[in-house]
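Inspection log for the structure reproduced underneath, given as structure tokens.
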Amino acid sequence: MARDQVDLKPIERRDELVDWLAQGVRPKPAFRIGTEHEKFVFTLEGHRPVPYEGRRGIRALLEGMQHLLGWQPIMEGEYIIGLSDVTGGGAISLEPGGQFELSGAQVETVHQTSSELMAHLAQVREVAKPLHIGFLGIGMTPNWTLAEIPKMPKGRYRIMSAYMPKVGTLGLDMMYRTCTVQTNLDFSSEADMVKKLRVSIALQPVATALFANSPFTEGKPNGFLSFRAEIWRHTDADRTGMLPWVFEDGMGFERWVDYALDVPMYFVKHGDEYVDVAGQSFRDLIAGKLPGMPGASATISDWSNHLSTTFPEVRLKRYLEMRGADSGPLASLLALPAFWAGILYDDTSLDAAWDLVKEWTAEDRQKLRDGVPKAGLATLVHGRTVFEIANDALHLAYAGLARRKHLDAAGHDETLFLEPLQDRLARGTTPAEELLEKFHGSWNRSVEPLYDEQAY
């Protein structure tokens, strides 16, 4: 979940919200790749959740990272809740249950993403070693109950935790028991945004299948390959989903603004205070008519923060956020930006990807989204399996990255980061299915070996 934005410029008209989104347009040479990933923090002894306080807690981890990196601390009252790299643009933040997130800098190539992630993981291991804690990359905690996961001292999460059970059955599980990897990509015009948004929403369940990595709940198989993806189907219908209207005539920045304005708010933050306005209207805030806050008016900060509380399969801010994948090992964290950049940043591959999905109806797309968490690559859409579509999409990603011709020092282009997906499809399996095979085999029906075999 995004860090709160600070821009106190007042908002007086809807058009200003549209203009703010449109300012995300970039020329193609300025396109960048941002990668965010979350990971569970666990005690090496006993594989338990790590509390915020204590000599070996999350606060100590953040303070150690601050000392090592020299990054600016992000404070909420007396609590350190994150770190900001004011020169490089990256940030470290906490998810509700202490999941440790790196929001990477905007970089030009996946090679740079690789360097960034490897450096980050080396840094957190260095700080974590004397604290006797480790990090696990998986889509859902394999054995912790909701009740035993600590809560981080962030006001927005307190408000969300109170609201979630009112609008869905699994929202708290989403907040406290899941981890994702996400890629953020740019657009060159409003039309380019619409095309990329349509392709990426349609193919997002394909990415969910390729990266499915959350088959366990409380120590047992949960019947899904990506239970994280299933959880999102039961979180909050007002702010999640496949957005069928994106494929209708007239789609653009204005249509997205109208969608976001109709999503109920969680909070308003003025200064250091979070005000609980859960379920209320951003339109009323703009008009200065928000119940309980007479005279309060909206700012750009409020709008940016509100956009970060919409959770569709692909999210539009001043860039596009690919939100469909479970977290996983380092190879998966790098394969995701390579997959999407290869498809969306090359015009030929983007056109071909649209050809793959343009005949799908809203019902096709929804059926695909509903089926993938359980059936994975075997899910059917429009007479084809996700396995077949994933192979086609991967070929397009390979071709797109090859045409980008971004080489590392050894002369390799970015296609090398797609090799884990190629291997995965050659085996015809998902990470979740491979974990389940171990669970029923060499792990003797225990998830404990995960903490050794799958830790960073």
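Some points to look at:
- When peptides 364-370, 350-356 are ranked by their average number of other Cβ atoms within 10 Å per residue, the highest-first order is 364-370, 350-356.
- Per-bin percent of Cα-Cα distances, the range 214-319 [10 Å]: 13, 37, 28, 17, 6, 0
- Fraction of antiparallel bridges per DSSP, the range 14-453 only, in percent to nearest 5: 95 percent
- Sparsely packed loop sites in the range 56-124 (the GluC sites (Glu not before Pro) outside DSSP H, G, I, E and B with at most 11 other Cβ atoms within 10 Å) comprise Glu78.
- Order by protection proxy (mean Cβ within 10 Å, highest first), peptides 305-315, 141-151: 305-315, 141-151
- Most to least packed among 413-422, 8-17 [average Cβ atoms within 10 Å]: 413-422, 8-17
- Centroid-to-centroid separation of the range 264-329 and the range 189-223 [C-alpha atoms, Å]: 23 Å
- With the gyration tensor restricted to C-alpha atoms of the chain, the semi-axes of the equivalent ellipsoid amount to 30, 29, 22 Å, longest first.
- In the range 400-441, the ratio of gyration radius to Kirkwood radius, Rg to Rh, stands at 1.22 when only Cα atoms are counted.
- Set Lys28/Lys367; Lys358/Lys438; Lys317/Lys367; Lys39/Lys289; Lys196/Lys269; Lys269/Lys358 screened for pairs whose C-alpha atoms are more than 29 Å apart: Lys28/Lys367; Lys358/Lys438; Lys39/Lys289; Lys196/Lys269; Lys269/Lys358
- In this rough spin-label picture, where each label sits 7 Å from Cα along the Cβ direction, the Thr43-Asp249 distance is 6.3 nm.
- Residue-normalised convex hull volume from the C-alpha trace of the range 130-256: 163 Å³ per residue.
- Amide H within-cut-off set for Ile81, under 5 Å, with H built and near neighbours excluded: Ile74, Met75, Glu76
- Using a Förster distance of 35 Å, the FRET efficiency for Met118-Val25 (Cβ separation, nearest 0.05): 0.65
All of the numbers you see were taken from the coordinates with simple rules; none came from a lab. Computed from a prediction, not measured in an experiment: that's the story for all the values here. Backbone-built Cβ (ideal geometry, glycine too); neighbour counts: all protein chains shown.
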